[in-house]
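Report on the following structure.
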Amino acid sequence: MTVKLGFNVDHIATIREARKICEPDPIAAAVLAELAGAEGITMHLREDKQHIQDRDVQLLRRTVTTKMNLEICPAQEMVQVAINNQPDTVTLVSEIHTELSTEDGLNVAAKVGDLAKPVMTLKNNDIAVGVFIDAETEQVKAAKKIGADFVEFNTGKYATSCALGSNEEVEREISALEDMTVLARKYGLKVKAGRGLNYRNVAPIATIEGIDELVIGHSIVSKSVMVGIDRAVRDMLEIIRR
Ligand code: PXP
């Protein structure tokens with residue numbers, strides 16, 4: 001199975017919001033990324049609208065020709081925004097208002113009762129639903145319990161371990177991702193992974209059997225500042241497809 005690349009356009013919007021003007025535009029970035037071969041476009045509409053705005057979601061829905069994945073927290077108003085915009089998929093994430101970007105996985109195991117309803121509401125509106133979780137048995141079981149269609153494993157800890165050069169920790173994280181991918185697939189859940197992946201650390205994750213898609217933003221946007229989005233996306237695709 002070839003792993004797909006989902007390009008996260010939040011970081012383009014972050015640059016725009018630094019000036020509160022109209023450039024750079026995440027819609028243009030999404031078009032260029034798709035032309036370069038990205039198989040999905042992800043955006044996170046935070047409740048505090050730190051980067052992506054309502055207008056972005058509306059325009060991306062009309063522009064994205066691959067798969068549009070909207071990340072939201074599981075609040076009722078955000079679920080309604082998703083229904084109004086009809087993305088192909090929604091990923092439910094945790095949101096802490098002081099963070100710069102999503103850091104922790106959603107603790108689905110602790111919120112089974114609260115999450116079953118938003119998941120069902122989205123699914124009843126023809127939107128496939130996933131949860132961004134840490135690669136832990138109880139989280140995968142809970143994802144299945146609430147009726148999710150897919151999980152996205154948080155690779156943040158793996159990325160940090162790579163940056164620190166902590167080989168033992170890196171091996172432990174890869175092993176957890178492998179085991180939890182097997183478990184999720186056994187439960188019939190599709191598997192994505194993302195957070196902190198870059199050109200240097202992505203290869204071992206891309207080779208895990210059973211992962212359908214990698215969601216990558218910051219490293220591609222960082223490289224694109226130097227070489228353009230087309231080249232940055234193609235370079236990432238070359239690594240993950242190798
Ligand atoms: N997946 C989720 C749920 C995220 O919130 C983010 C953060 O933008 C990503 C993937 C992509 O992470 P990064 O920007 O570090 O590649």
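A short reminder: the numbers here are calculations on the coordinates, not readings from a lab. Because the structure is a prediction, the values reported are computed rather than measured. Cβ atoms come from the backbone with ideal geometry, glycine included; neighbour counts cover every protein chain shown.
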>> Using each residue's phi in region 14-29, evaluate 6.51 cos²θ - 1.76 cosθ + 1.60 at θ = phi - 60° and report the 3J(HN,Hα) Karplus result to the nearest Hz, with x for Gly and Pro.
In response: 4, 5, 4, 5, 4, 10, 6, 10, 9, 9, x, 9, x, 5, 4, 4
> Amide H to amide H, which residues 5 or more places from A135 or on other chains are under 5 Å from it, using H placed in the peptide plane?
Replying inline: N154
>> I want to verify a result. In a Gaussian network model of the chain, Cα cutoff 10 Å, which of these has the top mean-square fluctuation: L164, L32, L183?
In response: L164
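Treating only the Cβ atoms of Lys and Arg (+1) and Asp and Glu (-1) as charged, compute the dipole magnitude of region 1-133 about its Cα centre; round to the nearest 20 debye. Show your work: numbers first, answer last.
Working: 13 positive and 19 negative charges, 58 e Å.
Approximately 280 debye in magnitude.
Could you give the dipole magnitude of the chain about its Cα centre, charging the beta-carbon of Lys and Arg +1 and that of Asp and Glu -1, in debye to the nearest 20?
Numbers: 29 positive and 36 negative charges, 97 e Å.
With Lys and Arg at +1 and Asp and Glu at -1, about 460 debye.
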>> Positive end of the dipole of region 86-242, charges at C-beta (+1 Lys, Arg; -1 Asp, Glu), about the Cα centre: which of A159, Y199, V119 has its Cα farthest in that direction?
In response: V119
>> How large is the translational diffusion coefficient of region 116-189 in µm² per second when you combine the Kirkwood radius over alpha carbon pairs with Stokes-Einstein at 4 °C and 1.567 mPa s?
In response: 99
> Taking the alpha-carbon centroid of each part, what is the distance from region 219-238 to region 105-172 in angstrom?
Replying inline: 27
> Per residue of the chain, what 222 nm ellipticity follows from adding -39500 (n - 2.57) for every DSSP H run with n ≥ 4, rounded to the nearest 500?
Replying inline: -15000 deg cm²/dmol
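Taking a threshold of 31 Å on the Cα-Cα distance, which of the pairs K49/K186; K20/K111; K4/K141 fall above it? Provide the component values of the computation, followed by the final result.
On the way: K49/K186 36 Å; K20/K111 36 Å; K4/K141 24 Å.
The pairs that break the limit, which is 31 Å between Cα atoms, are K49/K186; K20/K111.
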> Amide H to amide H under 5 Å from T91: which residues, 5+ apart in sequence or cross-chain, H placed 1.01 Å off N in plane?
Replying inline: L70, E71, I72, G130
> Counting pairs of Cα atoms in the chain, how many percent are more than 25 Å apart?
Replying inline: 37
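Add +1 for every Lys or Arg and -1 for every Asp or Glu among the other residues with Cβ under 13 Å from the Cβ of L35, and state the total. Before the final figure, lay out each step's value.
Values: positive: R231, R234; negative: E34, E39, D230.
Overall, the nearby charge balance is -1.
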> Under a 5 Å amide H to amide H cut-off, with H placed in plane at 1.01 Å, what residues pair with N8 once short-range neighbours are removed?
Replying inline: T42, I216, G217
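How high is the relative contact order of the chain? Use alpha-carbon pairs under 8 Å, at least six apart in sequence, and give a whole percent.
Values: 450 pairs, mean separation 48.1, N = 242.
Reported relative contact order: 20 percent.
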>> Taking θ = phi - 60°, what integer Hz values does the Karplus form 6.51 cos²θ - 1.76 cosθ + 1.60 yield along region 210-224, in sequence order, with x for Gly and Pro?
In response: x, 7, 7, 8, 10, 9, 10, x, 4, 5, 5, 5, 4, 5, 5
> So what's the net charge close to Q58: Lys and Arg +1, Asp and Glu -1, counting the other residues with Cβ under 14 Å from its Cβ?
Replying inline: +1
> What ranking do 165-174, 119-128, 41-50, 149-158 get when scored by the average of other Cβ atoms within 10 Å per residue, highest first?
Replying inline: 149-158, 41-50, 119-128, 165-174
